[in-house]
Amino acid sequence: GYDAQLNDIARGKRVLEDALEDHFFPGFTPPWNRCTSDTCQALHDLQFAILSRHINSPRDTTSPPYSYCEVPVTIDLYQWKGAPQMRDAGEFISELTSQLGQPQPIGILLHHQVMDSTSFDYLSWLLGELKQYPNVTFRTLAELAAQQGKAVCHV
């Protein structure tokens with residue numbers, strides 16, 4: 001319920017605020033994209049600035065607007081049929097390039113529990129390649145929040 005989510009998220013936020021101090025940014029990605037109206041209300045009440053989850057996550061457009069904006073993740077580094085494994089590089093690059101030129105930012109979903117040295121090497125290579133293109137700009141969540149201003153969040 002709401003109280004359990006509020007307490008859990010508040011506890012995690014305090015840990016990060018204490019550890020990161022001035023470098024902390026109130027952005028939230030729900031585990032496994034599981035996000036309920038209780039989650040959204042807790043994030044609102046705890047003054048989070050961003051909710052970031054997969055663009056295809058279900059949303060209830062009848063819920064009230066919240067005080068943070070959503071920055072969607074648009075592409076997943078992993079495929080989940082059977083055991084999790086990194087997606088084929090060609091397939092991933094094809095999907096990534098199909099998103100270039102779209103109005104929304106491109107967000108890459110990572111999964112810390114399944115990332116290994118191969119995943120990190122691939123991600124490092126990919127980001128290095130993308131940095132070479134003048135039309136590709138990297139943004140922090142804080143920059144994206146400022147760019148969007150307050151937006152409506154629906155679960």
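What's the extension gain from His111 to Ser37 if we count 0.36 nm per residue and subtract their Cα-Cα distance?
Net length gain for the segment: 24.3 nm.
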Quick one: order Tyr133, Tyr2, Tyr122 by neighbouring beta-carbon count within 10 Å, fewest to most. Tyr133, Tyr2, Tyr122
Fewest first, what order do Met115, Met86 take by the number of other Cβ atoms within 10 Å? Met115, Met86
Considering amide H positions built from the backbone, and no H for Pro or chain starts, which residues 5 or more places from Leu109, or on another chain, come under 5 Å of its amide H? Thr74, Ile75, Asp76, Leu77
For the chain, just say rounded, prolate or oblate: build the C-alpha gyration tensor, square-root its eigenvalues into a ≥ b ≥ c, call rounded for a/c under 1.5, and beyond that prolate if a/b exceeds b/c, oblate if not. prolate
Read phi for every residue in the range 137-146 and hand back ³J(HN,Hα) as whole Hz from Karplus 6.51 cos²θ - 1.76 cosθ + 1.60, θ = phi - 60°, with x for Gly and Pro. 10, 8, 10, 7, 4, 4, 5, 5, 5, 5
With charges set only on the Cβ (+1 for Lys and Arg, -1 for Asp and Glu), what does the dipole of the chain come to about its Cα centre, in debye to the nearest 20? 260
Name the residue, out of Leu51, Leu16, Leu109, whose mean-square fluctuation peaks in a Gaussian network model built on the chain with Cα pairs under 10 Å. Leu16
If amide H atoms are modeled at 1.01 Å from N in the peptide plane, then the residues at a separation of 5 or more from Arg87, or on another chain, having amide H under 5 Å from its own are Tyr78, Gln79
Highest GNM mean-square fluctuation, the chain, Cα pairs closer than 10 Å: which of His54, His111, His23? His23
For the residue pair Thr118 and Ala142, what label-to-label distance in nm results when each label sits 7 Å from Cα along the Cα-to-beta-carbon direction? 3.7
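Evaluate E = 1/(1 + (r/R0)^6) for Phe24 and Ser67, where r is the Cβ-Cβ distance and R0 equals 30 Å; express this FRET efficiency to the nearest 0.05.
The computed FRET efficiency comes out at 0.95.
No lab work stands behind these numbers, since they all come straight from the coordinates. From a predicted model like this one, the values you see are computed outputs, not experimental measurements. Backbone-built Cβ (ideal geometry, glycine too); neighbour counts: all protein chains shown.
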